[in-house]
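First up is the structure itself, then whatever we jot down about it.
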Amino acid sequence: MAGTPDKGKFSTSIGQDVIDEALRSVEKRKDADPGAPVDLVPEAEPPPEAPPAEPPPAQAEAVAEVDPVRQELEEMRLQLELSQSKGRELMERIKETHDKMLRAVADLENFKRRAQKEKEEVQRFGVERLLKDLLPIPDNLDRALEHARGPADFDSLKKGLQMTRKLFEDTLSRHGVKSFSAVGQAFDPRFHEAMQHLETNDLPPGQVAAEVLRGYMLNDRLVRPALVMVSKAAPPAEAPAPVEGEEQKT
């Protein structure tokens, strides 16, 4: 059909500057490597590297604000870890101290129970030693009474009683008990108890004229004061009345 383009034919419109550039590229390759195949299509030049995109000003400010916050959070995290570590150490110390206190309280309770038991034993059996030392005294008294049932021998009985009394005095002395006599001493209310006054001119007033009971001391502590009679001045004697016959003679 007239006016219809032939099948397989095409028309192109390429600029002359493109063709010239392709020819120059071919010639350069031929000069560099004569055996290299000819490529009429020019190599595409790599696109220039784009400069790194700078963040927008608002984003840059946000990043600048985030960094101090992260640093502060990191410091707070470190402080929290340090506080937790110190807290664990403190709890361990508190637990150790608590255990020690529990043991100390248990030891104190055991000590109090032992002390109470020892106190009760002392109250019940504290005089055991003294009792053992005093037992020979009633034994001697029994022997003296048995001796008195036979023929009267007052000298032997008296001697036995004196020995028994001395044994008693020695036994008390071993336990810190000593007797004292107040006869002839000035009356002292700290050690003497006055039973009555005794009129006499043989002693100055205020002296112990007689002793009813001896006093006793236990390791420098008064156990029993001496029961005494205290002297006082006797009233002056009245002059005898004159006889009637004698008055007339004078």
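The values are calculated or read from the model by the stated rules, or taken from the named source; none is laboratory data. Keep in mind that this is a model prediction, so the values were computed, not measured. Don't worry about glycine lacking a Cβ; one is built from the backbone with ideal geometry, like all the others, and counts go over all protein chains shown.
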Starting from residues that are farther than 19 Å from residue 173 by Cα and of a type outside the set (D, E, K, R), keep the ones in the range 134-148 and report whichever is surrounded by the most Cβ atoms within 10 Å (Cβ to Cβ). 144
Please note which helices (runs of 4 or more DSSP H) are completely contained in the range 96-199 and include at least 3 residues that are touching a residue at least 12 places away in the same chain (Cβ under 8 Å) and within 21 Å of residue 217 (Cα to Cα). 128-134, 154-174
Scanning for something touching a Lys or Arg at 6+ places or on another chain (Cβ under 7 Å) and among the hydrophobic types (A, V, I, L, M, F, W, C), does the range 155-170 turn up at least one residue? no
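Table: residues versus (1) basic (Lys, Arg); (2) closer than 30 Å to residue 233 by Cα.
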site: 129; (1), (2): yes, no
site: 151; (1), (2): no, no
site: 165; (1), (2): yes, no
site: 186; (1), (2): no, yes
site: 191; (1), (2): no, yes
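Could you identify the single residue in 39, 31, 67, 99 that is among the acidic types (Asp, Glu) and modelled with pLDDT of 90 or more?
Numbers: 39 fails: modelled with pLDDT of 90 or more; 31 fails: modelled with pLDDT of 90 or more; 67 fails: modelled with pLDDT of 90 or more.
Selected residue: 99, the only one of 39, 31, 67, 99 that is among the acidic types (Asp, Glu) and modelled with pLDDT of 90 or more.
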Hey, residue 209 touching a Ser or Thr at 6+ places or on another chain (Cβ under 7 Å) and in a strand (DSSP E or B) or not: yes
